[in-house]
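Working notes, structure below.
What follows draws every value from the coordinates through simple rules; no lab data is involved. Predicted, not measured: the structure shown is a model, and the values here were computed from it. We place every Cβ from the backbone using ideal geometry, glycine too, and count neighbours over all the protein chains shown.
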Amino acid sequence: MNWLSEYVRPKFRNLVGSPREVPDNLWHKCPACGHMIFHKELDKARRVCLQCGHHMRLPVKHRLAMLFDDGVYDREPLPKVPADPLKFRDVKSYSSRLKDAQAKNGETDALIVAKGPIEGQTTVLAAFDFDFMGGSMGMAVGEGFVVAAELAVKHRAPLVAIPSSGGARMQEGILSLMQMARVTVAVDMVKDAGLPYIVVLTDPTTGGVTASLAMLGDIAMAEPGAIIGFAGARVIEQTIHEKLPKGFQRSEYLLEHGMVDMVVPRDALKGTLARVIRLLTVPTMPYEQTNLPVVADASHVEGHRETEPTGPVDESDDPHPDVEELPPLAEPPKRKGVRKSEDDSVAASTAADRAPES
């Protein structure tokens, strides 16, 4: 028995107290420049590096609180869909993966549909949650996006999609690929209603989400440095056996090549989004202003100017005195075999009229 370890050390620990456990998430290292940032400062900066301006991935709930006025919005529940229709299994079953993601994330799937004011303008948002199975699009996400489109049409509000996804969910096979067509039809429904559809591309936006709803916006915004594309850069390089240019598939590269309309820093995103919504939204005239009385005499209206002359017109005042008057048109020549009838109407002569007298 060692008296130092069994007797002295416990007594000493009781005197000074046990060492405090330090959380491992107090400091974050910027993946771009390596700068260490305290977690409270990083959250205050909306997860943008204070040293180099690199935009880290922002949790979807933080993004919604950032965009909506006072962080207040109403959520729309996602429709229930079959949990594991294909009974897919790799290392473990798909149903187990879904349950683990739901328990860890607290959400039912990778999409949040919310409605609220953005600078006073009612807006419907469909935001992807990358923390839920990489934001992959399955049946639940497709159904949720359709709900968002129907909600926008119902409230005559613009629809804003914020994708952050790795693409279609492979565990649902062809059923996940079908959602590409369904969300495209949902976007058309919003546009047919005369409502704006705006897309805010965030890191990453890839795969089937890029090939459907992400590239259909009336206006396409993107956050700085976001990866936006269909296939991955390494897959493309291995396929074409060429080195891709620097910055390929980044938002700045897409802006330079006309794939997006603007790259907006995160702190300016809400104001820019609100301004675009105002420009694309036609204000509705109040009903009482649609039944205006018809004014027969508008001479009393301020700013009215008569279009007809009010005094005698001097016909000798010709603005173009040097222009020679054209002669009157000559009568068209008479066609043979055509005669005037008693009522002065022109009719074609019959064969009997043309026959000689016997």
Q) With point charges of +1 on the Cβ of Lys and Arg and -1 on the Cβ of Asp and Glu, referenced to the Cα centre of the stretch 58-282, which listed residue (LEU86, GLY142, GLY232) lies farthest in the positive direction of the dipole? A) LEU86
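Nearest 5 is fine: what % of DSSP beta bridges in the stretch 58-282 come out antiparallel, could you say? Kindly include the intermediate steps, with their values, before the conclusion.
Numbers: 13 of 29 bridges.
Counting DSSP beta bridges with both partners in the stretch 58-282, the antiparallel share is about 45 percent.
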Q. By the scheme Lys and Arg +1, Asp and Glu -1, what is the net charge of all other residues having a beta-carbon under 12 Å from that of GLY53?
A. +1
Q | Listed pairs LYS61/LYS115; LYS61/LYS191; LYS61/LYS92; LYS154/LYS191; LYS61/LYS270 exceeding 20 Å between Cα atoms | A | LYS61/LYS191; LYS61/LYS92
Q | Pairwise label distance in nanometres, ARG57 with HIS257, each label 7 Å out on the Cα-Cβ vector | A | 2.4
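Counting only other residues whose beta carbon sits under 12 Å from that of HIS62, what net charge do I get with K and R as +1, D and E as -1? It would help to have the intermediate numbers written out before the result.
Working: positive: LYS44, ARG46, ARG47, ARG57, LYS61, ARG63, ARG266; negative: ASP43, ASP129, ASP131.
Net of charged neighbours comes to +4.
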**Q.** Per-peptide average of other Cβ atoms within 10 Å, ordering 187-199, 80-92, 240-252, 153-165 highest first
**A.** 153-165, 187-199, 240-252, 80-92
Q: Just check the stretch 58-282 against the gyration tensor rule for me: Cα atoms, a ≥ b ≥ c as the square roots of the eigenvalues, rounded for a/c under 1.5, and otherwise prolate or oblate depending on whether a/b exceeds b/c.
A: oblate
Q) Between LYS99 and THR122, what length comes free when the chain is fully extended (0.36 nm per residue of separation minus the Cα-Cα distance, one decimal in nm)? A) 4.9 nm
